Every structure is written in C-alpha cells, then in structure tokens.
Amino acid sequence: MKLVFAGTPEVAVPALDALIASDRHEVAAVVTRPDAPAGRGRRLVASPVAERAVEAGIEVLKPAKPRDEEFLARLREIAPDCCPVVAYGALLPKVALDVPARGWVNLHFSLLPAWRGAAPVQHSLMAGDEVTGASTFLIEEGLDSGPVYGVLTEEIRPTDTSGDLLTRLAFAGAGLLAATMDGIEDGTLHAVPQPPEGVTLAPKITVEDARIDWSAPALRVDRVVRGCTPAPGAWTLFRGERLKLIQATPVLDRTDLAPGELAAAKNNVYVGTGSHAVELLWVQPQGKKPMKAADWARGVRIAHGELLGL
C-alpha cells in the first residue's frame with residue numbers, strides 16, 4: 001500500500017522505521033506537528049519523526065491544523081491507501097479521515113477500550129495495572145473508540161517508569177503496526193468493534209496531577225512517581241521550592257514517620273506516607289541537576305521533624 005505516516009515524538013520513530021523497512025509498502029510522506037521551540041534558546045526544532053523522515057528522503061508535511069486546505073489538497077494528491085498513526089498529537093477531522101481508501105489506523109499504547117486518551121501508559125502505571133499493551137484500530141471521530149485490528153500485551157514490571165514502559169511498547173508496537181498494514185493489504189485482517197464494557201479514560205497528566213499527596217499510601221506514592229517519570233515529573237515542596245522526585249521505593253518495615261515527615265541517615269532518606277515510609281533515591285531540586293537523595297539531604301541539612309509538601 002501507499003502510506004502517509006502521521007506521528008510526532010520519539011516514541012513514534014520505531015513504527016516509522018518498521019514501515020520504511022517493509023518491502024510491501026511505500027511511505028510516500030510523513031505528517032507531523034509544526035516545529036516547536038525547545039532548549040534554553042527556545043529555537044524552533046523539528047519533531048523526531050520529521051528528522052527521521054528527512055534522513056530517509058521522505059516528504060514531510062507540517063500543517064498547523066490537519067483541516068488546513070493546503071494540507072488536505074496535498075494529501076489528496078498523494079492519494080494514500082492508508083495512513084498509519086502513532087502519537088501524532090492533533091485531532092483528525094472527518095474531511096481528512098475520508099481521504100485514504102482504507103482509513104487512518106492508530107497504534108495506541110493500551111489494551112482498548114481501557115485507557116482511551118492522551119496518556120494511557122501513565123494512567124496504567126498510576127492505577128497499578130499489572131499488564132498493559134498496545135492496540136491498532138481504525139480511527140473514527142470518537143476518542144480512540146474505533147474497531148480494533150490487533151493487540152499485544154506487555155507485563156508491567158515493579159520498577160517500570162512510564163518512560164521504560166513506553167519505550168518497550170514503542171518497539172513492540174512497531175511490529176504490530178507493520179503486521180496490521182500487511183493484514184489490511186492482503187485482506188486477512190478485519191477490525192472488530194470495541195466492547196462497551198471496560199472503558200476508562202486517560203487524559204493528559206497535568207502538573208497538579210503529578211504533585212505527591214503524602215497522606216496517600218506508600219504504594220500510591222510509588223505509582224505516581226513512576227507514572228510521571230520522565231514527564232511531567234512527580235514533585236513536592238521543600239522549604240517553599242519544588243523538589244522533583246525521580247526515583248523512590250516503598251519501605252515496608254518503617255511506619256514511624258508522619259505523612260511527609262523526613263528522616264535522613266548517612267546514605268538513606270525516608271519520607272512518611274499514609275501507610276509505611278518510602279525511601280527517596282534520586283531527586284532534582286529546583287534549578288539544579290538530578291542527584292542522589294542522600295547527597296541532597298546532606299547539602300540541605302534536614303531538621304528533625306521537617307516535612308515535605310508544605
């Protein structure tokens with residue numbers, strides 16, 4: 001099939017690579033979000049998908065909105081058979097959905113109908129799921145509600161962050177998306193409607209969602225830290241400034257600390273929660289680089305009974 005691939009962040013690149021490598025399909029063009037300011041200089045930078053497409057000599061389309069007439073006209077000129085999508089980052093209007101004969105097929109990082117929305121991996125971790133996965137489905141106007149072509153499952157490991165899990169799903173999902181394109185082309189794969197039961201939503205994680213509630217149980221604190229790493233980053237307040245929590249682990253045998261109460265030993269830093277303590281392993285003070293929590297604690301000289309979160 002002639003394909004137009006839509007995607008933007010690094011997590012979409014493995015799928016693009018898999019389709020470029022396929023000897024059954026032609027990636028005629030790539031659709032991605034416009035260049036965005038990045039870094040301290042805030043200079044405009046192309047998306048990872050755009051950079052990979054340029055390397056491969058593939059035409060890149062960067063519409064401000066996918067309903068822009070110039071973009072739609074070019075899409076009709078290319079006349080793709082199908083448009084595979086991975087984390088494109090913009091809603092596709094019906095006028096765009098109608099262009100490819102076999103539709104737009106999305107690789108979504110959850111077991112649909114669970115976790116429909118922008119942040120499925122983060123929500124799955126924060127909810128304490130033991131298994132997640134990826135699904136390919138035919139995009140319709142509803143939110144991730146279209147019929148499903150294929151799925152794969154992935155076990156969530158006890159120390160997984162959303163970054164760890166998303167990386168594994170990106171590479172496994174690339175194979176799933178390529179196989180889905182093959183099955184659509186040869187007519188062996190047919191989309192199956194999602195069941196009405198089991199629908200959960202995964203909206204974008206806000207900065208406030210990533211704030212640690214120290215009155216919550218230690219397992220909940222651990223899940224929020226892992227689910228929000230690397231983005232947007234779990235955080236709390238220490239002496240009125242933000243402290244990002246990069247890695248922490250529950251300590252089941254310590255229950256002597258009040259919620260948010262800090263206790264520092266020579267090489268360990270503990271914080272009380274609504275159940276047992278957690279040990280802080282890596283933190284990032286406001287305006288500084290990530291560091292071991294024990295090094296941070298020695299530098300700030302934690303007072304007896306001092307609290308996080310105030």
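Of all the residues in segment 165-189, those that are touching a residue at least 12 places away in the same chain (Cβ under 8 Å), under 15 Å from Arg102 (Cβ atoms) and not aliphatic (A, V, I, L, M) number 4.
Kindly evaluate Val4 against the criterion of being aliphatic (A, V, I, L, M), touching a strand residue (DSSP E or B) at 6+ places or on another chain (Cβ under 6 Å) and crowded, with 17+ Cβ neighbours inside 10 Å. Yes, satisfied.
Would you pick out the residues in segment 7-19 that are surrounded by fewer than 18 Cβ atoms within 10 Å (Cβ to Cβ) and either in contact with a strand residue (DSSP E or B) (Cβ under 7 Å, 6 or more places away or on another chain) or of a type in the set (Asp, Glu) (or both)?
Residues satisfying the conditions are Glu10, Asp17.
Of the residues Gly227, Gly287, which single one is without any contact (Cβ under 8 Å) to a residue 40 or more places away in the chain, of a type in the set (Gly, Ala, Ser) and within 28 Å of Arg40 (Cβ to Cβ)? From the options Gly227, Gly287, the qualifying one is Gly287.
When we screen Leu245, Leu257, Leu237, Leu176 for residues that are in contact with a helix residue (DSSP H, G or I) (Cβ under 6 Å, 6 or more places away or on another chain) and open to solvent by less than 80 Å² (accessible area, probe 1.4 Å), the only hit is Leu245.
The values are calculated or read from the model by the stated rules, or taken from the named source; none is laboratory data. Nothing here was measured: the structure is a model prediction, and the numbers come from that model. Cβ atoms come from the backbone with ideal geometry, glycine included; neighbour counts cover every protein chain shown. Note: accessible area is taken over every heavy atom of the protein model, side chains too, but ligands, DNA and RNA are not part of it. Shrake-Rupley method; radii C 1.70, N 1.55, O 1.52, S 1.80 Å.
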